[in-house]
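Accompanying notes for the structure given below.
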Amino acid sequence: MAAHETPGTDGAILLHPEHEHWPAEFADLGSIAPRRIFALGALDLLQSQARTALIGGRTATVAGRAAGAALAAGLAARGEALITPAETGTDLAVVDAARRAGGRVIAITDRPPAEAGHIARAAQRGILERGGLILWEASSPRGGRTSHRSARLIAALAARLVLVEIGARSAGMTAAAIAGGLSRAVAATPTDQSRPGRGTRQLLAADLATLVHTPDELDALSDPRTLAHL
């Protein structure tokens with residue numbers, strides 16, 4: 001094994017800015033860019049495919065899970081890689097839908113797989129079995145909330161971000177703020193106004209996210225000709 005592929009915890013590879021698989025998109029984060037990332041799984045996903053992030057709230061409704069899953073399945077069927085925290089609620093519905101559609105998933109987490117909960121570990125095993133990838137940061141970021149450390153990595157690595165029923169103080173809100181600052185497209189799926197998702201509703205009301213129902217609507221939002229008029 002080459003010196004620049006030093007194994008990390010749990011058999012993972014330690015990536016750094018000089019590594020051949022280091023994502024160039026992380027440079028967009030400037031002073032809050034990561035220095036080292038552990039990667040477990042298919043490293044080709046960091047360079048070879050279109051990537052869309054879907055982040056859901058921890059308290060998910062049936063409608064929210066269904067909306068996230070439908071969008072994930074449509075994107076995966078077209079060959080896109082899905083990025084998600086793969087923790088609870090809608091995130092797990094996204095993982096399952098992507099896998100059923102033959103898609104591949106990148107899970108970007110706040111902690112090593114060994115420290116994840118039982119449900120999250122099961123989802124991560126499924127991601128790896130189907131040619132996916134798990135990423136987590138090797139050290140704490142400079143500044144920012146430790147519990148939301150993965151949010152900035154998701155925002156940078158994805159070309160566009162879709163939010164489903166996220167809370168007002170959630171990692172999804174952190175990701176949305178960073179993605180918007182990086183000129184990534186930020187979207188949200190429909191949500192029940194009486195249910196969890198205050199953060200999603202705030203973003204839509206402030207025109208910081210655009211409502212989408214289908215992959216085609218997301219493509220239109222991501223089109224540079226569309227973004228130029230926003």
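The values are calculated or read from the model by the stated rules, or taken from the named source; none is laboratory data. Just so we're clear, the structure is a prediction, and the values are computed from it rather than from any experiment. We place every Cβ from the backbone using ideal geometry, glycine too, and count neighbours over all the protein chains shown. Side chains are part of the model used for accessible areas, which takes the heavy atoms of the whole protein and leaves out ligands, DNA and RNA. Shrake-Rupley method; radii C 1.70, N 1.55, O 1.52, S 1.80 Å.
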Out of all the residues in region 81-98, which are part of a helix (DSSP H, G or I) and in contact with a helix residue (DSSP H, G or I) (Cβ under 6 Å, 6 or more places away or on another chain)? THR90, LEU92, ALA93, VAL94, VAL95, ALA97, ALA98
Could you identify the single residue in ALA42, ALA12 that is at pLDDT 90 or above and closer than 20 Å to THR109 by Cα? ALA42
Would you check which residues across region 178-191 are in contact (Cβ under 8 Å) with a residue 12 or more places away in the chain and open to solvent by 10 Å² or more (accessible area, probe 1.4 Å) and list them? ILE178, GLY180, LEU182, SER183, ARG184, VAL186, PRO190, THR191
Selection within region 111-142 - acidic (Asp, Glu) and open to solvent by 30 Å² or more (accessible area, probe 1.4 Å): GLU115, GLU129
Quick check, is VAL162 part of a strand (DSSP E or B), without any contact (Cβ under 8 Å) to a residue 40 or more places away in the chain and over 17 Å from ALA27 (Cα atoms)? no
Looking for something at pLDDT below 90, among the charged types (D, E, K, R) and touching a Ser or Thr at 6+ places or on another chain (Cβ under 9 Å) - is there at least one such residue anywhere in region 186-194? yes
